[in-house]
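Reviewing the structure listed below.
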Amino acid sequence: MALEIVEKEAMVAGYGKPAAAPLPRAYVTFLAGDGDYWKGVVGLAKGLRKVKSAYPLVVAVLPDVPEGHRLILRSQGCLIREIEPVYPPTNQTQFAMAYYVINYSKLRIWEFVEYQKIMYLDGDIQVYDNIDHLFDLPDGHFYAVMDCFCEKTWSHSPQYQIGYCQQCPDKVSWPEDKFGPPPALYFNAGMFVHEPSLDTAKSLLKALKSTPPTPFAEQVNPTVLFRPLDKFQGVFWESVLKFIVFLGCRTF
């Protein structure tokens, strides 16, 4: 029944016609608070509709999202799923941006077990080409994009200070004599593909209790908080270039 509702609402929203026997897949984004972030989600929904995506957009909302904003999103064909917030047990780290702490709530997305596979996209992403094919990546892996250390929000880190790039690690050699072993891979949590699982969700929430917070909240070293996701794979940049992330006055 849930799958029938998803398909019906997606069709009303103008998404591409689903296959005869579609797998339960969905795009998911996250929204919190009563600010203007809902406008970005509307843009994301319109972008997915324009490129004729075959799958619905589910918006995971915290309880503080006003009903008026939810109604607007529903009018755009979005499916609303309220979640409970997730916070680290203690905050001993100053976040690079104060609002990053709420992003731990993204861990709730692993509880969306009515879907076989999910592609998460931040609400400030604008899709300009169809990326449905990423759902067809082999199962059993967590796919994400490695983060970039050139942003000023990384200015506290040795990676930023020496110009180290994890996409091109040979461009600037890591000075082990000064900083020790090279840092483990970091991924950007603004876009990822995964398979929901209650067991994985429980493992992630348990790991959060024993993992020190980082300046970037959920954008962490997958070998620490995301140790339960032991099959981490990077997404090819050719796919990433099919959408734009808006960050202030800059686009990537």
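Quick check: anything in region 90-113 of a type in the set (Gly, Ala, Ser), at pLDDT 95 or above, within 21 Å of Leu204 (Cα to Cα) and surrounded by 20 or more Cβ atoms within 10 Å (Cβ to Cβ)? No. Report, ordered by the first and then the second residue, all pairs with beta carbons closer than 7 Å, sequence separation of six or more or different chains, a first member in region 148-164 that is surrounded by 16 or more Cβ atoms within 10 Å (Cβ to Cβ), and a second member that is of a type in the set (Ser, Thr, Tyr). What qualifies is Phe149/Ser157; Phe149/Tyr160; Phe149/Tyr164; Trp154/Tyr160.
Of all residues in region 128-179, exactly one satisfies the criterion of being at positive phi and in the same structural domain as Lys50 (by TED's automatic domain parsing), namely Gly140.
The residues listed here are Gly40, Gly77, Gly68; of these, the one that is modelled with pLDDT of 95 or more, part of a loop (DSSP other than H, G, I, E, B) and not charged (D, E, K, R) is Gly77. A count restricted to region 150-181 and to residues that are over 19 Å from Asn103 (Cβ atoms) and outside any helix (DSSP H, G or I) stands at 17. Among the candidates Tyr128, Tyr115, the residue that is touching a strand residue (DSSP E or B) at 6+ places or on another chain (Cβ under 7 Å) and closer than 22 Å to Tyr37 by Cβ is uniquely Tyr128.
Residues being among the polar types (S, T, N, Q) and in contact (Cβ under 8 Å) with a residue 12 or more places away in the chain are entirely absent from region 171-187. Of note, Asp230 does not satisfy the criterion of being loosely packed, with under 12 Cβ neighbours inside 10 Å, on the phi < 0 side of the Ramachandran plot and at pLDDT 60 or above. The set of residues in region 25-41 being out of contact with any strand residue (DSSP E or B) (no Cβ under 7 Å at 6 or more places or on another chain) and either charged (D, E, K, R) or not assigned by TED's automatic domain parsing to the domain that holds Val61 (or both) consists of Asp34, Asp36, Lys39. Checked against (1) within 22 Å of Lys50 (Cα to Cα); (2) modelled with pLDDT under 90, Ile118 passes all but a single condition, namely (2).
Taking the listed residues Pro138, Pro85, the one that is in contact with a helix residue (DSSP H, G or I) (Cβ under 6 Å, 6 or more places away or on another chain), outside any helix (DSSP H, G or I), modelled with pLDDT of 80 or more and loosely packed, with under 14 Cβ neighbours inside 10 Å is Pro85, with no other qualifying. Among what's in region 39-57 and is within 17 Å of the chain's Cα centre (by Cα) and touching a residue at least 60 places away in the same chain (Cβ under 8 Å), pick the residue that is farthest from Asp124 (Cα to Cα). Among residues in region 39-57 that are within 17 Å of the chain's Cα centre (by Cα) and touching a residue at least 60 places away in the same chain (Cβ under 8 Å), the one farthest from Asp124 (Cα to Cα) is Tyr55.
The values are calculated or read from the model by the stated rules, or taken from the named source; none is laboratory data. Just so it is clear, the model here is predicted, and its values are computed rather than measured. Reconstructed Cβ throughout: ideal geometry from the backbone, glycine too, with neighbour counts over all protein chains shown.
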